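To start, the structure itself, in structure tokens.
Just so you know, all these numbers are worked out from the coordinates, no wet-lab data involved. Nothing here was measured: the structure is a model prediction, and the numbers come from that model. Note that we place each Cβ from the backbone using ideal geometry, even for glycine, and neighbour counts take in every protein chain shown.
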Amino acid sequence: MKLNIVPARTGIQWARLGLQTFMKQPLALAALVFMYSTIAVAMLVIPVVGPFIMMALVPMGTLGLMAATKVAETSSFPMPHVLLTAFRASRERVRAMIVLGALYAVAIVVISLIVHALVDVPDVAGKDAIELAQMPEFVQAMFATMLWTAVLYLPVSLAFWHAPALVHWHGIPPIKSLFFSFVACMRNAAAFTMYGLAWMGIALVIVAASSLAGLITPWLFGVVFGAATTLASIAFYISIWFTFRDSFLDAEGNTPGDPL
């Protein structure tokens, strides 16, 4: 396995491929994303450890959607069992994926604790949404919470971005996969910057289209915005596979394949 440095314009290509691949199998891919989301949320009913399990499933769910994208890329129909790709490997790689999931959950918990310690949130007991919006100290606390969360989550996101695929398709140990993922994202920072700008542009188009729809009939704003945002979010998850595919090559210079 070796790192592949791509030009900045590749980031736009990743976003476009996400949209194009989603259109090849829209129902199947949308169903898989909703299925994964439902399973993750269902973990919350488990007392005490439910939220931790939900967070630990993120790397496994990400890998499953990447595998589904590989199938849909050839216009084939991805079946539901593709979400279990993380568990359809050797015992060693399954254990490594579980460790990776646990590390992700721990990272999120640590970030939450740090943000909680840094931001002093005022008492909001008994206040409704309108009253909260009129409390400057509450608004400032929420802004500070979002800012600190984004700052602290960014390096975590980079470390885990490629890690599930590196563990599964290349057999890289969890800790090394986090290091290689972070390095790969940093070395391809220009492409990832364009990738992020492309999705920001798509978001602006959605807002503009929703606003125009709202001028026709007010309730259309919510309908168009909700539907377009959902579809764009699914396409974003689909595009993650392409960021990995182009960032790493095997010893023969080929993109990774499923070991099963």
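The alpha carbon centroids of the range 28-76 and the range 185-203 are separated by 24 Å. Inter-part distance, the range 219-247 to the range 131-167, computed on C-alpha centroids, equals 20 Å. In terms of packing, defined here as the mean over residues of other Cβ atoms within 10 angstrom, the peptides 77-84, 168-175 line up highest first as 168-175, 77-84.
Projecting the Cα atoms of Val41, Val6, Pro155 onto the charge dipole of the range 2-249 (Cβ charges, centred on the Cα centre) puts Val6 farthest toward the positive pole.
For Lys24, Lys176, which order do you get if you count the other beta carbons within 10 Å of each Cβ and list the fewest first?
Working: Lys24 17, Lys176 14.
Fewest-to-most Cβ neighbours within 10 Å comes out as Lys176, Lys24.
Using alpha carbons only, the radius of gyration of the chain set against its Kirkwood radius gives Rg/Rh = 0.99. Counting only residues at least eight positions apart within a chain, or on another chain, the lysines with an alpha carbon under 19 Å from that of Lys176 are Lys2.
Val183 to Leu132: extension gain in nm, 0.36 nm per residue of separation minus the Cα-Cα distance?
Contour length minus Cα-Cα distance gives 14.2 nm.
The lysines within cross-link reach of Lys24, meaning a Cα-to-Cα straight distance under 22 Å and a gap of 8 or more places when in the same chain, are Lys70.
Of Met55, Ala208, Phe248, which is farthest along the charge dipole of the chain in the positive direction, counting Lys and Arg as +1 and Asp and Glu as -1 at C-beta? In the chain, that residue is Phe248.
Under a point-charge model restricted to the Cβ atoms of Lys and Arg (+1) and Asp and Glu (-1), what is the dipole moment magnitude of the range 63-159 relative to its Cα centre, in debye to the nearest 20? Mind dumping the intermediate values first?
On the way: 6 positive and 7 negative charges, 166 e Å.
Roughly 800 debye, rounded to the nearest 20.
Per-residue Cβ neighbour counts within 10 Å put Tyr36, Tyr195, Tyr153 in the sequence Tyr153, Tyr36, Tyr195, beginning with the fewest. Screening the chain for DSSP H helices whose Cα atoms reach 18 Å or more along their own axis and whose mean Kyte hydropathy is at least -1.0 gives 10-24, 26-42, 58-73, 91-118, 136-161, 174-187, 189-216, 218-245.
Relative contact order for the chain: what percent, with Cα pairs under 8 Å and sequence separation of 6 or more?
Values: 307 pairs, mean separation 88.3, N = 260.
Relative contact order comes out at 34 percent.
If only the Cβ of Lys and Arg carry +1 and only the Cβ of Asp and Glu carry -1, the dipole of the chain around its Cα centre is close to 800 debye.
Around the amide H of Phe248, modelled in the peptide plane, lie the amide H atoms of Asn4, all under 5 Å away and 5 or more residues distant in sequence or on another chain.
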